[in-house]
Amino acid sequence: MSIYRRTSVDAALYVLRDIGTNLDKAQRQVSSGLRVEQASDNGAYWAISATLKSDQKAQSAIRDSLGLAAATMGVASNAVEESIDLVSQIKSKLVAATETGVDKDKINLDITYLKQQLRSVSGAASFNNDNWVAIGNGDDPAMPRQIPASFTRLPDGSVEVGTLSYDVDIAPVGSTSSKDARYLIDDRSTGSGEYGALTSQYFATEVGASQNYVMLATAGNSSGQVEIGVSQSTTTDEVKEMVSVVDKMLGQMTTIGSSFGALEKRINLQSDFAQALSDSFARGMSKLIDADMEEQSSRLTALQTQRQLGLQSLNIANATYDTVRQLFQNV
């Protein structure tokens, strides 16, 4: 006769092991805050969340790039605004020089100081070694300034990085004109200052001035150019030509400022959208993989209680088995 059938003990052990497995799972979810922590928890949700996490990091890099671009544009916009004010002052000085009997040499002294300030403002308008208002050797004025602005995952799974471009910064079409002066200063040694509103001679050409007036002499080929300034020998007609040239310069500088302002606005809008998109990714991942902490806390407490009851059940089953075994030990 065999008495080694322990059905009640085996059942209690099975229940206790099952409770232990569920308890470990609940404890892991409570400690990590995730119900899908690894691929074995839910392969489909884990794969989706892994892709979303990767895309969220890319969106973070885009936001950093936009933040850097916004700071650069802010510096450039301030430089253009300050330069417009300085050139407006020079224009008013030139208008004053048309009056009879004024001391043009003193007026020219003021103009000289204002021109020095113009070059100082343009040279200082650099953020992270990136200057959007002055170009020199190594810069290609035909290449647009571009800013990484978006990260998109296409339906076929491929990805695409979108950019924002400086609207005025377009390649010239046909012969160069004053409209190509989309920077304030062009100091390239290979050019004649044609891409700088303050260094281009095309404003003088287009108003039909008698000389190639420029506000500032370029560091490149300045042959035939004449810096704007007056002296006692300067005629009224020459001063009027300078006023016309400066007025044309101001118009182009205003266009540059407007383009900077429009791009700065787009950067801010795109930055807000990138932040909203990143938040949407976070909410989507939360719904897929985050644990319900209230539910899991309650479940953890219940499983701990069940384990205690299971241990008591196992003790009872073992005690019953021992009693039966003792009854038959002398048989």
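Determine, yes or no, whether VAL121 is surrounded by 14 or more Cβ atoms within 10 Å (Cβ to Cβ), assigned by TED's automatic domain parsing to the domain that holds GLN232, of a type in the set (Val, Ile, Thr) and touching a Ser or Thr at 6+ places or on another chain (Cβ under 8 Å).
Values: surrounded by 14 or more Cβ atoms within 10 Å (Cβ to Cβ): yes; assigned by TED's automatic domain parsing to the domain that holds GLN232: yes; of a type in the set (Val, Ile, Thr): yes; touching a Ser or Thr at 6+ places or on another chain (Cβ under 8 Å): yes.
Yes: the conditions hold for VAL121.
Listed here are the residues, each with its yes/no results for (1) closer than 30 Å to ALA50 by Cβ; (2) buried (at least 19 other Cβ atoms within 10 Å of the Cβ); (3) within 41 Å of the chain's Cα centre (by Cα); (4) not aromatic (Phe, Trp, Tyr).
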{"position": "GLY208", "(1), (2), (3), (4)": "no, no, no, yes"}
{"position": "TYR213", "(1), (2), (3), (4)": "no, yes, yes, no"}
{"position": "GLN232", "(1), (2), (3), (4)": "no, no, no, yes"}
{"position": "ASP237", "(1), (2), (3), (4)": "no, no, no, yes"}
{"position": "MET253", "(1), (2), (3), (4)": "no, yes, yes, yes"}
{"position": "GLY261", "(1), (2), (3), (4)": "no, no, yes, yes"}
{"position": "ARG266", "(1), (2), (3), (4)": "no, no, yes, yes"}
{"position": "ALA282", "(1), (2), (3), (4)": "yes, no, yes, yes"}
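Could you identify the single residue in ASN137, ASN108 that is in contact (Cβ under 8 Å) with a residue 24 or more places away in the chain and either part of a loop (DSSP other than H, G, I, E, B) or outside the structural domain of ASN268 (by TED's automatic domain parsing) (or both)? Lay out the reasoning, then the answer.
On the way: ASN108 fails: either part of a loop (DSSP other than H, G, I, E, B) or outside the structural domain of ASN268 (by TED's automatic domain parsing) (or both).
Just a single option satisfies the conditions, and that option is ASN137.
For segment 245-252, check the following and say yes or no: at least one residue is more than 15 Å from GLU194 (Cα to Cα), of a type in the set (Lys, Arg) and either touching a residue at least 60 places away in the same chain (Cβ under 8 Å) or not assigned by TED's automatic domain parsing to the domain that holds THR100 (or both).
no
Kindly indicate the residue of segment 155-174 that is at pLDDT 75 or above and of a type in the set (Ser, Thr, Tyr) and also surrounded by the fewest Cβ atoms within 10 Å (Cβ to Cβ) among those meeting that condition.
Residue satisfying both the conditions and the ranking: SER158.
Just name the residue that is surrounded by the fewest Cβ atoms within 10 Å (Cβ to Cβ) out of those in segment 124-154 that are touching a Leu at 6+ places or on another chain (Cβ under 7 Å) and closer than 16 Å to LEU198 by Cβ.
Ranking the candidates gives ALA134 first.
Identify the single condition in (1) touching a Phe, Trp or Tyr at 6+ places or on another chain (Cβ under 9 Å); (2) without any contact (Cβ under 8 Å) to a residue 12 or more places away in the chain that ALA79 does not satisfy, given that it satisfies every other one.
(2)
Taking the residues in segment 227-261 that are outside any loop (DSSP other than H, G, I, E, B) and polar (S, T, N, Q) as candidates, determine which candidate is nearest to SER165 (Cα to Cα). Explain how you work it out, then say what you get.
First, the residues of segment 227-261 that are outside any loop (DSSP other than H, G, I, E, B): 227, 236-261.
Filter again for polar (S, T, N, Q), leaving 236, 244, 252, 254-255, 258-259.
Values: THR236: 43, SER244: 31, GLN252: 19, THR254: 18, THR255: 15, SER258: 14, SER259: 10 Å.
Restricting to residues being outside any loop (DSSP other than H, G, I, E, B) and polar (S, T, N, Q), the top hit is SER259.
Surrounded by fewer than 19 Cβ atoms within 10 Å (Cβ to Cβ), basic (Lys, Arg) and outside any loop (DSSP other than H, G, I, E, B): does that describe LYS179?
Judged against the criteria, LYS179 is a match.
Would you mind stating whether GLU264 is assigned to a helix (DSSP H, G or I) and modelled with pLDDT under 80? Steps first, please.
Numbers: assigned to a helix (DSSP H, G or I): yes; modelled with pLDDT under 80: no.
It is false that GLU264 is assigned to a helix (DSSP H, G or I) and modelled with pLDDT under 80.
Within segment 59-74, track down each residue that is among the aliphatic types (A, V, I, L, M), more than 9 Å from the chain's Cα centre (by Cα) and crowded, with 19+ Cβ neighbours inside 10 Å.
Of all residues in segment 59-74, those among the aliphatic types (A, V, I, L, M) come to 61-62, 66, 68-71, 73.
If we keep only those that are more than 9 Å from the chain's Cα centre (by Cα) too, we end up with 71, 73.
Within segment 59-74, MET73 is the sole residue that qualifies.
May I ask you to say which residue of ALA217, ALA204 is within 17 Å of ILE90 (Cα to Cα), assigned by TED's automatic domain parsing to the domain that holds ASN131 and buried (at least 21 other Cβ atoms within 10 Å of the Cβ)?
Values: ALA217 fails: buried (at least 21 other Cβ atoms within 10 Å of the Cβ).
The match here is ALA204.
The values are calculated or read from the model by the stated rules, or taken from the named source; none is laboratory data. None of the values given here were measured: they were computed from a predicted structure. A quick note on method: Cβ atoms are made from the backbone with ideal geometry, for glycine too, and the neighbour counts reach across all protein chains shown.
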